[in-house]
Amino acid sequence: MASKTDIAAPKPATTAQPPLSLSKEEVLRYSRHLIMPEVGMDGQLKLKAAKVLCIGTGGLGAPLGQYLAAAGVGRIGLVDFDKVDLTNLQRQILFSTNDVNRPKIQAAAERLCGLNPDIQIDTFETMLTSANALDILKDYDIVVDGTDNFATRYLVNDACVLLGKPNVYGSIFRFEGQASVFGYSNGPCYRCLYPEPPPPGLVPSCAEGGVLGVLPGIVGSIQAAETLKLIIGKGEPLVGRLLLFDALSMKFRELKLRKNPDCPVCGARPTVTKLIDYSEFCGVRGEETSAPASTVPEITPRELKARLDRGDNLFILDVREPHEYQICNIGGYLIPLGDLSKRVNELDSSREIVAHCRSGKRSAEASEFLRQSGFRKVLNLKGGILAWSDEVDPSVPKY
Amino acid sequence: MAVKVIIPTPLRSYAGKQASVELQAATVAEALSALTAKFGDLKKHLYSDDGCLRSFVNVYVNDEDIRYLQKDQTRLNEGDTVSIVPSIAGGSRR
């Protein structure tokens with residue numbers, strides 16, 4: 001059973017010799033740290049000497065970067081290739097409305113430098129890949145995973161294990177979060193917990209599932225706290241512990257994580273000794289080339305509009321959720337995808353049915369289901385209501 | 001044994017939107033079987049075609065991973081909590 005005594009007492013995770021002093025201004029800036037025995041001058045000097053790499057400057061990266069900068073972590077690396085999008089501002093509070101369309105890394109660096117001009121901010125405006133990960137990670141003491149997809153999580157994990165660096169993990173979905181510290185002090189790594197990723201399409205992303213804006217704020221702050229603890233070597237880090245957080249019930253739970261002796265990356269006989277193709281590992285490439293949805297006949301929004309204008313007797317089936325219908329709709333008959341099998345008798349199989357959802361994915365599934373249920377005339381609206389807004393009726397809001 | 005099975009957010013829509021379900025079961029296997037009997041749509045998310053629990057789904061009894069207990073033969077006690085914990089990654093559509 002994993003317990004405190006099973007895991008070696010954590011040593012501070014930084015490698016550099018701490019600098020000898022703080023300037024007068026730094027003493028004032030960090031006074032609230034210095035007057036605490038748990039941090040003190042020793043701890044603050046360790047923070048100043050520390051080098052932390054933050055992968056992702058989005059929902060998790062926002063509080064993370066800010067709290068690390070505020071705490072005086074001497075060198076912070078930021079990795080992000082994305083541009084700020086309006087939909088990010090619901091939760092990615094590092095950015096302002098004026099930053100929309102700017103590279104995230106630029107806006108993030110600017111904001112963090114403004115918060116603390118005394119620290120060094122390194123920027124990597126690139127996607128982290130197997131080709132560059134080891135190079136980018138090698139100069140840092142601690143890596144914090146603020147990414148948003150499985151392939152990168154496995155990449156970061158494996159790179160951290162190969163390089164012997166702790167990986168401060170946090171992840172979110174809707175209103176639930178997870179946090180842990182992997183690859184540290186003989187504790188488990190991410191693959192010990194999840195040896196394999198879910199096949200694509202089985203676990204929705206934030207774009208598909210939504211996320212309570214503040215949730216990554218909470219989980220990212222937890223990641224920041226864990227990172228600071230690792231640096232100053234105080235407290236009990238989440239090594240061998242999976243923290244689960246449910247914002248709706250406001251409950252924290254904790255599960256025990258064990259190091260898997262047969263882990264392919266960090267086990268006694270590792271089979272993964274170099275970085276692999278993580279897109280392939282996560283099946284993303286497979287999804288792109290052989291999506292089952294491509295067997296369903298499609299209709300484009302323009303074609304649909306033309307046929308409706310002509311007076312064709314089409315039945316529009318909307319398979320989104322009721323709350324989406326409230327955002328916008330094209331007058332379709334609403335049966336959420338999850339209810340379709342139970343409510344299929346509401347549909348007339350002699351009619352020509354056009355199924356749509358937000359982007360075309362769910363409706364492709366619905367169309368396939370209907371065809372297998374004996375409906376002869378089913379078409380999937382390519383690109384969903386988003387494409388309808390783009391191509392036919394811009395007054396329909398996109399979301 | 002009366003046990004509580006905690007349904008993680010990504011799977012709640014397949015379990016009648018419930019966050020937890022009370023069941024009678026003597027082992028983890030029985031608890032999951034009762035769960036998928038009640039909520040058929042959950043089955044494909046928990047089990048692969050060959051009937052094995054999917055590797056990205058972890059199951060805990062109280063705070064212990066069943067992989068380090070007796071796997072799905074782990075016996076349950078009255079009032080135990082069975083947690084289903086899938087991997088989540090947030091964010092991207094990619």
Helices (runs of 4 or more DSSP H) wholly inside the range A:51-142 that include at least 1 residues being closer than 25 Å to A:Tyr184 by Cα: A:61-71, A:133-137
Hey, among A:Thr227, A:Thr273, which residue is at pLDDT 90 or above, under 20 Å from A:Pro197 (Cβ atoms), among the polar types (S, T, N, Q) and in contact with a Leu (Cβ under 8 Å, 6 or more places away or on another chain)? A:Thr273
Among residues of the range B:73-94 being among the charged types (D, E, K, R) and at pLDDT 90 or above, the residue farthest from the chain's Cα centre (by Cα) is B:Glu78
Taking the stated definitions as given, is B:Leu35 closer than 28 Å to A:Arg320 by Cβ, modelled with pLDDT of 85 or more and surrounded by 20 or more Cβ atoms within 10 Å (Cβ to Cβ)? yes
Give all pairs with beta carbons closer than 8 Å in which a residue from the range A:247-264 that is farther than 18 Å from B:Glu64 by Cα meets a residue that is part of a strand (DSSP E or B); count only pairs at least 6 apart in sequence or on separate chains. A:Ala247/A:Glu176; A:Ala247/A:Gly177; A:Lys251/A:Phe245
Looking at the structure I just gave you, is A:Leu257 at the interface with chain B (Cβ under 10 Å from one of its Cβ atoms), over 19 Å from the mean Cα position of the chain (by Cα) and of a type in the set (A, V, I, L, M)? yes
Of everything in the range A:108-154 that's within 20 Å of A:Gly72 (Cα to Cα) and among the hydroxyl-bearing types (Ser, Thr, Tyr), which residue is nearest to the other protein chains (Cβ to nearest Cβ)? A:Thr123
Residue check, A:Gly177 under 12 Å from the mean Cα position of the chain (by Cα), at pLDDT below 95 and either outside any loop (DSSP other than H, G, I, E, B) or of a type outside the set (D, E, K, R) (or both): yes
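Conditions tested, residue by residue: (1) at pLDDT 95 or above; (2) crowded, with 24+ Cβ neighbours inside 10 Å; (3) not assigned by TED's automatic domain parsing to the domain that holds A:Leu228.
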site: A:Leu53; (1), (2), (3): yes, yes, no
site: A:Ala62; (1), (2), (3): yes, yes, no
site: A:Tyr67; (1), (2), (3): yes, no, no
site: A:Ser96; (1), (2), (3): yes, no, no
site: A:Met127; (1), (2), (3): no, no, no
site: A:Leu137; (1), (2), (3): yes, no, no
Selection within the range A:322-358 - within 13 Å of chain B (Cβ to nearest Cβ) and surrounded by fewer than 18 Cβ atoms within 10 Å (Cβ to Cβ): A:Pro322, A:His323, A:Gly338, A:Asp339, A:Ser341, A:Lys342
Top-ranked residue of the range B:1-29 - restricted to ones that are away from chain A (no Cβ under 12 Å) and assigned to a loop (DSSP other than H, G, I, E, B), ranked as nearest to B:Phe39 (Cα to Cα): B:Gln18
Scan the range B:35-55 and give yes if some residue there is within 14 Å of the chain's Cα centre (by Cα), outside any loop (DSSP other than H, G, I, E, B), closer than 22 Å to A:Phe252 by Cα and within 9 Å of chain A (Cβ to nearest Cβ), otherwise no. no
Scanning the range B:10-29 residue by residue, the ones that are on the phi < 0 side of the Ramachandran plot and without any contact (Cβ under 8 Å) to a residue 40 or more places away in the chain total 11
A:Leu162: in contact with a Leu (Cβ under 9 Å, 6 or more places away or on another chain), modelled with pLDDT of 95 or more and surrounded by fewer than 21 Cβ atoms within 10 Å (Cβ to Cβ), yes or no? yes
For the range A:232-247, indicate whether the set of residues that are of a type in the set (Lys, Arg), within 14 Å of another protein chain (Cβ to nearest Cβ) and within 16 Å of B:Val85 (Cα to Cα) is non-empty. yes
Residue among A:Lys234, A:Lys259 that alone is closer than 29 Å to A:Leu94 by Cα, basic (Lys, Arg) and modelled with pLDDT of 90 or more: A:Lys234
Which members of the range A:205-217 meet the condition of being touching a residue at least 60 places away in the same chain (Cβ under 8 Å) and touching a Pro at 6+ places or on another chain (Cβ under 8 Å)? A:Pro216, A:Gly217
What is the one condition in (1) small (Gly, Ala, Ser); (2) more than 23 Å from A:Ile121 (Cα to Cα); (3) within 14 Å of chain B (Cβ to nearest Cβ) that A:Ser185 does not satisfy? (3)
What's the number of the only condition in (1) assigned to a helix (DSSP H, G or I); (2) surrounded by 24 or more Cβ atoms within 10 Å (Cβ to Cβ); (3) touching a residue at least 40 places away in the same chain (Cβ under 8 Å) that A:Asp148 fails to meet? (1)
Of the numbered conditions (1) within 17 Å of A:Ala224 (Cβ to Cβ); (2) out of contact with any Cys (no Cβ under 9 Å at 6 or more places or on another chain); (3) among the acidic types (Asp, Glu), A:Glu125 satisfies every one except a single condition; which is it? (1)
Within the range B:45-72, track down each residue that is touching a residue at least 40 places away in the same chain (Cβ under 8 Å) and among the basic types (Lys, Arg). B:Lys71
For A:Lys274, are the conditions met, namely being on the phi < 0 side of the Ramachandran plot, out of contact with any strand residue (DSSP E or B) (no Cβ under 7 Å at 6 or more places or on another chain) and surrounded by fewer than 12 Cβ atoms within 10 Å (Cβ to Cβ)? yes
Among the residues of the range B:73-84, are any out of contact with any Pro (no Cβ under 7 Å at 6 or more places or on another chain), surrounded by 14 or more Cβ atoms within 10 Å (Cβ to Cβ), facing chain A (nearest Cβ under 10 Å) and touching a residue at least 60 places away in the same chain (Cβ under 8 Å)? yes
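The values are calculated or read from the model by the stated rules, or taken from the named source; none is laboratory data. All values reported here derive from a predicted model rather than from experimental measurement. In this analysis, Cβ positions are derived from the backbone assuming ideal geometry, glycine residues included, and neighbour counts consider all displayed protein chains.
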